[in-house]
Amino acid sequence: MAQDGREAKRLRVAAAVQEAEAVDSASSAISENKSAEPDVLAEGLDELPKANSCIVQLQAMDGEALGPNIDLPLDASPEQLTLLVNQLLQNDAPRPFAFFLGETELRETLADALQATGATTENVVTISYQPQAVFQVRPV
């Protein structure tokens, strides 16, 4: 009977050793797979389409939102944004506006401003607008 008890214990130990070896093998396979994963992801990034638009919330310099969030193309220029703001404000006479992403003035395209500020197209981008002075020459 004592021999049967030893045999059962030996079998349990052998089973535990096999289980531990299987866990170690699975663990090393997972860690090898994790180290290879960034390379696979990096290769896949080249195939992903690049964003060509972003969601924008226009707001006055005092923080008052102008209309709903708008999906704008990344090649939108300040001139196009000026037309949009004049339409949203329902201005009879168009006024010039300056546009800002944080402290950075939007001078070329929305994409350039996003790159300069480090903002991404994954979040809603807040663009502040400020009316510019209009000067007219009057004849004397």
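The values are calculated or read from the model by the stated rules, or taken from the named source; none is laboratory data. Predicted model only: the values in this text are computed from it and were never measured. Here Cβ is always computed from backbone atoms with ideal geometry, including for glycine, and neighbour counts include all displayed protein chains. SASA here: full protein model, heavy atoms, side chains in, ligands and nucleic acids out. Shrake-Rupley method; radii C 1.70, N 1.55, O 1.52, S 1.80 Å.
Note on the range 53-131: with neighbouring protein chains present and a 1.4 Å probe, carbon and sulfur make up 47 percent of its accessible heavy-atom surface. Put simply, the amide H of SER53, placed in the peptide plane, has neighbours under 5 Å in LEU74, leaving out anything fewer than 5 places away on its chain.
For the range 53-131, the calculated P(r), taken from all Cα-Cα distances in 5 Å bins from zero up to the bin holding the longest distance, is 3, 16, 31, 29, 16, 4, 1, 0 percent. Within the range 60-138, the chymotrypsin sites (Phe, Trp or Tyr not before Pro) that combine a DSSP coil assignment with at most 15 other C-beta atoms in a 10 angstrom radius are PHE135.
Database remark: amide H of GLY102 closer than 5 angstrom to the amide H of SER128 (H placed geometrically; neighbours at sequence offset of 5 or more, or on other chains; Pro and chain starts carry no H).
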